[in-house]
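The block underneath contains the structure these notes are about, expressed in structure tokens.
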Amino acid sequence: MSSLVSSPRDPNAFRPADFRAVCHLARERFWIIVLSLVLAGCGAAAYLMKAPKIYAAKLLLQVEQEEQKILNIEQIQRENLQSLELLKTIEQTMQSRALLQRVFEANKLAQDPRFAPAGVVPAPTPERLLTRLEAMVSVRLRKGTRLIDIKVEHTNAAFTAFVANSLVKEYLRMNLEHNAAAAEVASELLETEAKRLKAKLEQSENALQAYKEATQAASLEERQNVVVEKLKELSQKVTEAKSLRITHEAALRQVEKFGQDVEALMVVPAVANDPSVSEIRSHIAKAESELANIRQRYKEKHPKYIQATSQLAEWKNALARAVLNVPATLKSAYESARAAEESLDRALKEQEAAAIELNKLSLRYNALLREVETDRSLYQTVFSRIKENSVTKELKPSKVRIIQPASVPERPVKPQPLKVILLALLAGLGGGIGLALLLNALDSSLKTVDETEQHLGLPVLATVPRLNGKGEGEARRLVMAEDNDSPEAEAFRTLRTSLSMIARKDERRVFLFTSAIPAEGKTFCSMNYGASLAQQGLRTVVIDCDLRRPMVEKSLSRTHGRGAGVSDFLTGHKSFEETVHPTRVENLFYIPAGTHCPNPSELLAKTGVDGMIDEALRQFDRVIIDSPPIHAVSDTLLILNRVQTVCLVLKARRTPRNAVRRAAQLLLEAEAPLVGVVMNHMPRSGGGYYYDSYYSYSYHGYYGAKGDRKKGRSKKAREDEQQEIAA
């Protein structure tokens, strides 16, 4: 039979979170959540009553995008106020301890009763007061803007505005002092540098004057200009003389080439262009013209003709002589040009030498002159900077501007009643749920069907709700006879159906109900299960094998005595028929535990219950054994050999899960036919979670109105019962 069910599961195995279980757990422990909410509400009310009212003064600043350009001072480095780093620097400076120290000292806050109340023992130190002031101030840069929010919080409204405005005032004053100090230091440095540059300028000027006196170079620049002009003039003249000499030389060579050939010499341009030759040629042309006229008028023998001819011949002779004289003239001109060229060339070289010498003198002179000019320029720049610094020092520029000054707040910002109450309620709700979950985690009992099946690996055959009775009497109630239409009775009919579906009925006639620990309701379950079988027409006997603490006789006969029963049959003092007793339920009988015996375990181990069970099976259709708890005694394990069905009873939300798990493990190891678990004493509160929704159906929802319940079981229930009987 042990193969019908699986072994108990590992309790540490992963199980998915059951959010429905959490919700029903909150419903079940609703009083804890309500108590937490009440405590949180009371705490919030107490806090609101005792908490001081905090006022907040706000001030808005704007960082200028660039400095005002009052003076166009070049080469002065300006901070890039567009950079985020500078904005963050200003933000951090506003809440720096140095600035707060200035505010603290400037306003004498140590003596201000609004900030440092008198009579406090021990008196707070200045460091602690400064820390308190630092906690009051918060500065925040608005993202994406150049605006800075300054907020000061305190219990005195007027004091918050006073501190906020004073903070900005001291910041501006600190900037002005820093600027003035920087300007003062700059002025001192510039004056020192000016004195040094002035001395250096005087030294360089003296060196230049001494060099002028030593080299007599007072008018060196004019001399250089004259030399340069002369060089240009001589160079031009030398070029012209050289060109003239070349021209004469070329003409002379042409003339010398033709020698005394007048006609050839006449072709030479230098000869043809000679003034005397040109003049004679003009006379010849005139004489020839006159001769031509005379020939027209006179004969060759005429005196005028002869005279003209003679005159023309003379001019031609004169031309020949003049042409022959040109080479001598050209040679003379060539010699003269060459001499002039040589003379000008010597003068040019002398002038160049003078210029080189003058340049040598000007190198040192120019170096000294440049040094003087450089020193003078530096001195003038520093002197100008001194004047500019003295002017800018009085301008007192500021990088920040107050957009909205702090005003006295009218309403406190803390505490915020609505926010405090909401937070308290959330905290109370969270704390209540957390406490409920903690208590549930600390509770080691099995509470739900799913939890039981997951932990034990056994099916839950039925869930029996908690009885509406009083104390000890609940365990003795035979609900199948007293209230046949109750949810409890329906639970046992469900158990009857569950057990009948396991196997054929003729194979399962002996049932055993046991539990892990005492007071789990196994007697209650065994009796009512027997009554449910009896109501089907099956002769059923309930045997009380709990010889140490019998309960069947007390529950069925409502007496406190102990009649003949199991112990009497096992010892042979009574027959089987003498131990069987009827009940008020038709077809239901019981065998009590019998008279008290000192050693029940030895009696069961020695004799056994096989004979009693055999007799019971001959006379009854079903045999139900109520055995003692497994962990209490070992009697149950001694009577398992003749049992065909074992049901483990546990009390919901009471039995430790480890005890139930160990009991199931012992039964399986003993090869007991353990078929499932009966969860007894299910809470009715949150029944939708613990009982109705988990097993079968809701009694009230299934059976209809109250009037229908008075008439007896529903038609559906009667049909189910008839089907079971027919089966």
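Read the figures in this text as sums done on the coordinates, not as results from a lab. Quick caveat, the model's predicted, so the values are computed rather than measured. Every residue, glycine among them, receives a Cβ derived from its backbone with ideal geometry; neighbour counts consider all protein chains shown.
Over region 601-685, the reciprocal of the mean inverse Cα-Cα separation, the Kirkwood hydrodynamic radius, stands at 14.3 Å. Given their separation in residues at 0.36 nm each and the Cα-Cα distance between them, residue 342 and residue 125 gain 67.5 nm when the chain is fully extended. Once the C-beta distance of residue 443 and residue 485 is scaled by a Förster radius of 22 Å, the resulting FRET efficiency is 0.10 to the nearest 0.05. If the chain linking residue 188 and residue 426 were pulled fully straight, counting 0.36 nm for each residue of separation and taking away their Cα-Cα distance, it would gain 79.0 nm.
Considering only Cα-Cα distances, which of the following residue pairs are longer than 27 Å: 53/143; 58/399; 50/169? Please list the in-between numbers first.
Values: 53/143 30 Å; 58/399 20 Å; 50/169 35 Å.
In this structure, 53/143; 50/169 lie more than 27 Å apart at Cα.
Annotation: peptides 590-603, 179-192, ranked by per-residue average of other Cβ atoms within 10 Å with the highest first, follow the order 590-603, 179-192. Spin-label pair residue 96-residue 363: with each label point 7 Å from Cα along the Cα-Cβ axis, the two points sit 5.7 nm from one another.
Peptides 664-677, 94-107 ordered by packing proxy, namely the average of other Cβ atoms within 10 Å per residue, highest first: 664-677, 94-107. Residues whose amide H falls under 5 Å from that of residue 464, counting only those 5 or more places apart or on a different chain, are 679, 680, 681, 682, with hydrogens built in the peptide plane.
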